[in-house]
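One structure is given below, encoded as structure tokens.
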Amino acid sequence: MKRQDGSVEWGAFHLSYAGISDQGRMRTDNEDDFLIMEKQRLFCLADGMGGLDEGKLASRTTLEGVARCMHYLADRENSTIPFGLTADMLGKPELACITSFANFLVRQKAGGRTMGSTLVAAHFTENRLDFAHVGDSRLYLMRTGELKQLTEDHSLVNELYRMGKICKAEMSGHNLRNIISRAIGTHPKVEPDLGSVDVQAGDLFLLCSDGLTTMLEPAEIAAIAASGPDTATAAQALIFRANEAGGRDNITALLIAVQR
């Protein structure tokens, strides 16, 4: 089990965070991973695919690519440009650049093997939260007691739902629910969905893998996330409850509370 918690200043606020990644009850290893870059106020989560070794390598390499690219973007004058980071990538918005470089690095490490990863990234900039995602890992915002999903799954079942082929109740039990339609490393190029949201004191953000969202309904996630006295307690409660509900997959939850 991987755990990390702490706090970082952000203008007039501070961000209290806690992340936990657990292998769950049915898997023999953990292909999930997360990354926290305090200085850059960047929080990321990756869920690898391709089998045990390939899945772990994919998620780890995805986050390695994110970190290497972000370090360069944050201090270009004193950083060596990473091999593979092209002018085309640098011309994109920051989180799209990071995603493109992570995609390059995963394909390089794959060496012809089939492997890939989801990625959800949340970056607290000067006055807002920018986010990007690829795959079916999610970013949620809890504000004034309401949980809002900020990302939309890149998955086959979500595409079927959007086309009206299945109803919402059929999505969680569908036999194709694990097939994602966009991933880091599976194609030469990948474009993330990008978004941003204004941030308020009292906001709570949750990055999570599908090992959490396939086990718990949004209402239960909201209730548990809001019940903890701090982010570490709430993150642990989310992992515990997902395991209690079956723990069929690796489970990762990363909570960030915005406080005065």
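The values are calculated or read from the model by the stated rules, or taken from the named source; none is laboratory data. Keep in mind that what you see is a predicted model, and the values were worked out from it rather than measured. All Cβ positions, even for glycine, are placed from backbone atoms using ideal geometry, and neighbour counts span all protein chains on display.
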Being of a type in the set (Ser, Thr, Tyr), touching a strand residue (DSSP E or B) at 6+ places or on another chain (Cβ under 8 Å), in contact (Cβ under 8 Å) with a residue 40 or more places away in the chain and buried (at least 22 other Cβ atoms within 10 Å of the Cβ) narrows it down to one of SER16, SER21, so name that one.
-> SER21
Out of all the residues in segment 45-53, is one or more of a type in the set (Gly, Ala, Ser) and surrounded by fewer than 17 Cβ atoms within 10 Å (Cβ to Cβ)?
-> yes
When restricted to ASP33, ASP29, the only residue surrounded by fewer than 16 Cβ atoms within 10 Å (Cβ to Cβ), touching a helix residue (DSSP H, G or I) at 6+ places or on another chain (Cβ under 6 Å) and either closer than 17 Å to SER137 by Cβ or of a type outside the set (Lys, Arg) (or both) is ASP29
For GLU220, are the conditions met, namely being among the acidic types (Asp, Glu) and closer than 14 Å to MET142 by Cβ?
-> yes
State which residue pairs qualify: first residue crowded, with 21+ Cβ neighbours inside 10 Å and of a type in the set (Phe, Trp, Tyr) and inside segment 107-125, second residue part of a strand (DSSP E or B) and modelled with pLDDT of 90 or more in any location, beta carbons under 6 Å apart, and separation of 6 or more residues or different chains.
-> PHE124/TRP10
In segment 85-100, the residues that are among the hydrophobic types (A, V, I, L, M, F, W, C) and surrounded by fewer than 24 Cβ atoms within 10 Å (Cβ to Cβ) | LEU85, ALA87, MET89, LEU90, ALA96, CYS97
For segment 63-86, state whether one or more residues are more than 28 Å from HIS14 (Cβ to Cβ) and among the basic types (Lys, Arg).
-> no
